[in-house]
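Have a look at the structure below, then the notes.
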Amino acid sequence: LCVPAVPVLFKQALENTDMEEGKSVSLRCELTKADATVVWKKGEATLQASAKYEMKQKGTVAELVIHNAEPEDA
C-alpha cells in the first residue's frame, strides 16, 4: 500500500512585526504537521543558527529569534 505524502502547509503564516533596533525580535509561524523541516531565508540566503539568529521548533510552531536587530534585518 502506497500512501501519498500529505504536504505541509501554514496554519498561521508570518506576520509583519515591528522591531526596536538593538533588541531581539521573534518571528513565529504554525504548520499543519509537527516537526516538519523549516528553512528560514532572507531573500535568497538561507539563515544559519548563530549568535544573531536562533531557530526554535516545538511541535507545529517554528520560531526565528533575531538578536540585536538592525534595520538591515527587515
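Are there any pairs, at least 6 apart or on different chains, whose C-beta atoms fall under 8 Å, with the first in region 37-60 and closer than 18 Å to K23 by Cβ and among the charged types (D, E, K, R) and the second open to solvent by 80 Å² or more (accessible area, probe 1.4 Å) and in a loop (DSSP other than H, G, I, E, B), and if so, which?
K52/N68
Test K11 against the criterion of being free of Cβ contacts under 8 Å to residues at least 12 places away in the same chain, exposed (fewer than 14 other Cβ atoms within 10 Å of the Cβ) and in a strand (DSSP E or B), and give yes or no.
Values: free of Cβ contacts under 8 Å to residues at least 12 places away in the same chain: no; exposed (fewer than 14 other Cβ atoms within 10 Å of the Cβ): yes; in a strand (DSSP E or B): yes.
No: the conditions fail for K11.
Which numbered condition in (1) out of contact with any helix residue (DSSP H, G or I) (no Cβ under 9 Å at 6 or more places or on another chain); (2) part of a loop (DSSP other than H, G, I, E, B); (3) touching a residue at least 40 places away in the same chain (Cβ under 8 Å); (4) open to solvent by less than 90 Å² (accessible area, probe 1.4 Å) is the only one that M19 fails?
(1)
Scan region 29-46 for residues that are surrounded by 15 or more Cβ atoms within 10 Å (Cβ to Cβ) and over 13 Å from V8 (Cα atoms) and report the count.
So the answer is 1.
Please tell me if V25 is in contact (Cβ under 8 Å) with a residue 40 or more places away in the chain and open to solvent by less than 50 Å² (accessible area, probe 1.4 Å). Break it down stepwise before answering.
On the way: in contact (Cβ under 8 Å) with a residue 40 or more places away in the chain: yes; open to solvent by less than 50 Å² (accessible area, probe 1.4 Å): yes.
Criteria met by V25.
Go through region 47-74 and count every residue that is assigned to a strand (DSSP E or B), surrounded by 14 or more Cβ atoms within 10 Å (Cβ to Cβ) and out of contact with any Ser or Thr (no Cβ under 8 Å at 6 or more places or on another chain).
6
The values are calculated or read from the model by the stated rules, or taken from the named source; none is laboratory data. Predicted model, so just to flag it, every value in this text is computed and none were measured. All Cβ positions, even for glycine, are placed from backbone atoms using ideal geometry, and neighbour counts span all protein chains on display. For accessibility, only protein heavy atoms count, side chains too; no ligands or nucleic acids. Shrake-Rupley method; radii C 1.70, N 1.55, O 1.52, S 1.80 Å.
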